[in-house]
1. How do PHE3, PHE65 line up, fewest other C-beta atoms within 10 Å first?
2. Just want the ordering: VAL19, VAL70, VAL39, from fewest to most Cβ atoms lying within 10 Å of their own Cβ.
3. Quick one: which of LYS31/LYS53; LYS9/LYS31; LYS9/LYS30; LYS15/LYS81; LYS31/LYS77; LYS9/LYS35 span more than 21 angstrom between C-alpha atoms?
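Nothing in this text is a laboratory measurement; each read-out follows from the coordinates by a stated rule. Predicted model, so just to flag it, every value in this text is computed and none were measured. Reconstructed Cβ throughout: ideal geometry from the backbone, glycine too, with neighbour counts over all protein chains shown.
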Amino acid sequence: MRFSELRLKEVINTKTCRVLGCVCDLEFDKKGCIKAIIVPGPAKYCGVFGRDKEFVIPFCDVECFGDDIVLVCIDEKECLKKYSEKDKFKDTFF
């Protein structure tokens, strides 16, 4: 599976039966193995003011990859991480 195919799949938490969103990034270890999948966190104020958190889901918590979805079993509060200040503006052009 390619990353471009993975980005189109919705991530669903089987503990809460909630759709978390689509995969936006992957985290790798030093050996090149996938360490975690990253999904944008909940939007602030109806999505108008963007997001400042993301779900960092350890790869061992992924239950299966389907044709259209990725099933994970996580505690959402533990996986919700705040963007670091360095990463918050990395895609901004001045």
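1. With the sparsest Cβ surroundings first, the list reads PHE3, PHE65.
2. Values: VAL19 12, VAL70 20, VAL39 23.
Fewest to most other Cβ atoms nearby, the residues stand as VAL19, VAL70, VAL39.
3. Working: LYS31/LYS53 27 Å; LYS9/LYS31 25 Å; LYS9/LYS30 26 Å; LYS15/LYS81 19 Å; LYS31/LYS77 28 Å; LYS9/LYS35 18 Å.
LYS31/LYS53; LYS9/LYS31; LYS9/LYS30; LYS31/LYS77, as the Cα separations exceed 21 Å there.
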